[in-house]
Each structure stands twice: as C-alpha cells, then as structure tokens.
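Contents: one structure, followed by commentary.
The values are calculated or read from the model by the stated rules, or taken from the named source; none is laboratory data. This is a predicted model, so every value here is computed, not measured. With ideal geometry, Cβ positions are generated from the backbone for all residues, glycine too; neighbour counts draw on all protein chains shown. For the accessible areas, the whole protein counts, side chains as well, though only heavy atoms, and no ligand, DNA or RNA atoms are used. Shrake-Rupley method; radii C 1.70, N 1.55, O 1.52, S 1.80 Å.
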Amino acid sequence: MKIGVITYPGTLDDRDAQRAIRLAGGTPVPLWHDDDDLKKVDAVVLPGGFSYGDYLRCGAIAAKAPATKEVIRLAAKGLPVLGICNGFQILVESHLLPGGLIRNEKQHFICRDQKLRVENNETAWTSLFEKDQEILIPLKNGEGGYIATDDTLKMLEQENRIAFRYVENNPNGSMNDIAGITNERGNVVGLMPHPEHAVEAGFGPDTPTAMRSGIDGLLFFESVLKMVVNS
Amino acid sequence: MDVARLQTASNSTRNLASAQENRRGKVPKIIVEIMPKQDLLDPQGKAVANSLHRAGQEEISAVRIGKRIELHFDREITDQDLEMAKDQAANFLSNDVIEDVIAITKED
C-alpha cells in the first residue's frame, strides 16, 4: 500500500509523515514538487512546513507546482489526499477545499497539544474514529485561523463537511472552531493540527495514562490504508 | 576587503539608479495592487497604527497594509498582457477569500 508524501522547497514534516505511514503499516513514497509523476501511489499526504518560504501567501506557490496539479487531477477521481498544516493551506489555495487560512487571532505562533473532536468519521482519513471522538494531537502554526464566507460556512455545516473542531479552546480564532474540513466526496481532508506527530508511544502528546503516550494520529493513516485495501 | 566593499557600494549605487529608473517609469510594467479585505483583521496595519499613535500621530484612525506587485516587460504592453494580468491577479496573485484586487494599471 503506497502513500506518497510530497516535498516542496521549505517543507519540514515530510519525514515525520513518512514515518507515520510506515508505523501504520503502509509504504511511504517520497514525491518531489517539481515532478508531475505521482508514482501510482494509492493516497497522498501534503505535509507541514513553509513551502516556498510562505512567499505571496501560505501555500499559494505550492498550489501551482507540477506535483500539486497532478494531485488536483487525481483527487477529482477519488485519490485520498490529506493536507496537514501547510498542506491544508496548499489544499485551500488549490481550491480542493473551500475557505482560507489567516494569521492567528492573537498573532502568536502556537505550539501545543490540542484536543479535537472528530465531527465526520466518514472520510477516507477518519473512518476508524468514532463519531464525536475526542482526540489529542499537536498543533503548531502561525497562520491557522480558518475563515470562509457565510455561505461557505453554512454549506460546510449542512453537508457535514467539518471533519474536526477544536475542543475546550479555539487556539487561533478559526470560524466555528474549525480545525479541519473535507470535500464533498470525503477523499480530500485538510487540518491544521499534526496527526503525524502523535503516532508512536514515547514521542506523542502527554495523556492521563502516561507521558508522551498519545498516538491518536495513527488512526488517520490506518483509516486510509484500510480504505485502500477494501477498495 | 576595501575593493570588495567598493564594488558592493558601486553595485548598490547601480541598483539604486536602476530602481530610480524603474520608478520614473522607464520599464514598461503592469502594477497589481492588492489589499486585505476590509472586514478582516490586518495585524501589520494595526501594529503600525499603534506605533504611529505612540509617535504622537493620534489623528490617524487606522492603517492597512497591502501589496503592490509589478510585472515588468522588455517590450510594450499589449491589451492581451493586461488581460493576462487580470487573470493572474484573480487566480494566483490574490486570494479572493481574504484579499481584494484594488487596481491593475499599466505604466509605460
């Protein structure tokens, strides 16, 4: 089961995403932004970082890269795509997901373990979660405030396309506490927090059970692997 | 060291000269101006406004900061170029969820 991870100039979390895929039982395939060959992968992760130095707008230049154009083409045919943090920004700049991401409400770069609620467990990347399950994964961003027009927000709410909401506190001023959304088909998911940083005991967030034992992020990757196997 | 420094100085003088030339409009260019949407918080503008207030300029009620993007050409600008600029301004240079294109102007 091959899951591609695209590296853009300035991407930081590509290796972590590859490691998460490996721990979930998949085979990570490194992909390069300037190559429109996605090597017949079964799914793609757009990892976090600062692609193209966040020039112009976060994700704007990466949205026009040859590899991204191929992602856009294949996503329309149902290829599962997960955008994490900067990857989420690339997905909105590519118009694969609606809305935009702006500087955090309080201007600070935020790095902490964040509680989320899984609002939609029928996407390619969330099927192994329970509906309304609360999970804990790291969040680290400066421009994570989700915004959209009133019409778009209404549509997202009505069509159950909000995949994750922040619980207990809204760290960045995101509208309707939105942490992540999905497309109509459920194959494209984008979120600001980082599931790939909560995949192995000893290196994840602290939980009531033990320090650094949080591995809630693993289910994202196991979900997509299960879906690919079954299809 | 001195030679290197002199060369850097002369380069920067040359850059400055060419920048001034550009500003005088000698290079044909299309200028795209983009502003953050009115109802969005503009943190840069807010910080600059606070600083201006501290400097005693309290009559300035708000500051907003946008972008000016210049597309330079080595030839005369055609109507097609302007159409292209309009298209790129809408689809790449700005994001209509968070920004407005204020003006697209030609400067010969």
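When A:GLU70, A:GLU184, A:GLU134, B:GLU33 are compared by accessible surface with a 1.4 Å probe, the order from highest to lowest is A:GLU184, A:GLU134, B:GLU33, A:GLU70. Loop-located chymotrypsin sites (Phe, Trp or Tyr not before Pro) across segment A:57-139 with a Cβ neighbour count of 16 or fewer within 10 Å are A:PHE109, with loop assigned by DSSP. Over all other residues within a Cβ to Cβ distance under 15 Å of A:THR123, the charged ones net out to -1, with Lys and Arg as +1 and Asp and Glu as -1.
Using heavy-atom solvent-accessible surface (probe 1.4 Å) with all chains present, what is the largest-first order of B:SER51, A:SER213, A:SER223? Before the final figure, lay out each step's value.
Working: B:SER51 55, A:SER213 35, A:SER223 0 Å².
So the residues, ranked largest to smallest area, are B:SER51, A:SER213, A:SER223.
Average accessible surface for segment A:1-71: 42 Å² per residue, computed with a 1.4 Å probe over protein heavy atoms with every protein chain in place. To put it simply, the accessible area of segment A:1-154 at a 1.4 Å probe is 50 percent carbon and sulfur.
Hey, got the average number of other protein chain Cβ atoms within 10 angstrom for residues in A:56-65? Each step should come with its number before you reach the end.
Working: counts 7, 8, 1, 1, 4, 1, 0, 2, 2, 0.
So the per-residue partner count for this stretch is 3.
The A and B chains share an interface that buries close to 1100 Å² of accessible area, total over both sides, probe 1.4 Å. Modelled spin labels at B:ASP87 and A:GLU130, positioned 7 Å past Cα toward Cβ, are 5.3 nm from each other.
For segment A:1-117, relative contact order (Cα pairs under 8 Å, six or more residues apart, normalised by length) works out to 25 percent.
Fully extending the segment from A:THR149 to A:GLU122 would add 7.3 nm, taking 0.36 nm per residue of separation and subtracting the current Cα-Cα distance.
Between A:ARG112 and B:GLN44, the C-beta separation translates, for a Förster distance of 25 Å, into a calculated FRET efficiency of about 0.50.
Does chain A classify as rounded, prolate or oblate by the C-alpha gyration tensor (a ≥ b ≥ c root eigenvalues; a/c under 1.5 gives rounded; else a/b over b/c gives prolate, otherwise oblate)? Mind showing how you got there, number by number?
Details: a/c = 1.25, a/b = 1.06, b/c = 1.17.
Verdict is rounded for chain A.
What does the net charge come to around B:GLN80 if you take all other residues with beta carbon closer than 14 Å to its beta carbon, with K and R at +1 and D and E at -1? Provide the component values of the computation, followed by the final result.
Values: positive: B:ARG75, B:LYS86, B:LYS106; negative: B:GLU76, B:ASP79, B:ASP81, B:GLU83, B:ASP87.
Combined, the nearby Lys, Arg, Asp and Glu give -2.
Solvent-accessible surface of segment B:40-95, taken per residue with a 1.4 Å probe and all protein chains present: 69 Å². Where a ≥ b ≥ c are the square roots of the eigenvalues of the C-alpha gyration tensor, would you call segment A:126-231 rounded, which needs a/c under 1.5, or, failing that, prolate if a/b is larger than b/c, or oblate? Here segment A:126-231 falls in the oblate category.
With a ≥ b ≥ c taken as the square roots of the eigenvalues of the C-alpha gyration tensor of segment A:3-43, please select rounded if a/c is under 1.5 and otherwise prolate if a/b is larger than b/c or oblate if it is not? Could you put the intermediate results ahead of the total?
Numbers: a/c = 3.80, a/b = 1.23, b/c = 3.10.
Cα axes put segment A:3-43 in the oblate bin.
Excluding ligands, DNA and RNA, the accessible surface per residue across segment A:166-208 is 35 Å² with a 1.4 Å probe. Between the DSSP loop rule and a limit of at most 13 other Cβ atoms within 10 Å, which chymotrypsin sites (Phe, Trp or Tyr not before Pro) in segment A:1-74 are left? Those satisfying the criteria are A:TYR55. When the pairs A:LYS64/A:LYS226; A:LYS2/A:LYS77; B:LYS37/B:LYS86; A:LYS77/A:LYS140; A:LYS106/A:LYS140 are compared against a 23 Å limit on Cα-Cα distance, A:LYS64/A:LYS226; A:LYS77/A:LYS140 fall above it. Legend: calculated FRET efficiency, B:GLU107 to A:ALA201, from the Cβ-Cβ distance at R0 = 51 Å, rounded to 0.05, equals 0.25.
Report relative contact order for chain A in percent, whole number only (criteria: Cα-Cα under 8 Å, sequence separation at least 6).
Computed over chain A, the figure is 20 percent.
Can you send over the carbon and sulfur percentage of the accessible area for segment A:177-227, probe radius 1.4 Å, protein chains only? All intermediate terms of the calculation are to be shown ahead of the outcome.
Working: 1050 of 1940 Å².
Carbon and sulfur atoms account for 54 percent of the accessible area of segment A:177-227.
One Cα centroid belongs to segment A:203-223, the other to segment A:97-136; the line between them spans 15 Å.
The Cβ shell under 13 Å around A:PRO66 holds other residues with a net charge of -2, Lys and Arg each +1, Asp and Glu each -1. Within straight-line reach of B:LYS106, meaning a Cα separation under 20 Å, sit the following aspartates and glutamates at least 8 residues removed in sequence or on another chain: B:GLU21, B:GLU33, B:GLU70, B:ASP74, B:GLU76, B:ASP79, B:ASP81, B:GLU83, B:ASP87.
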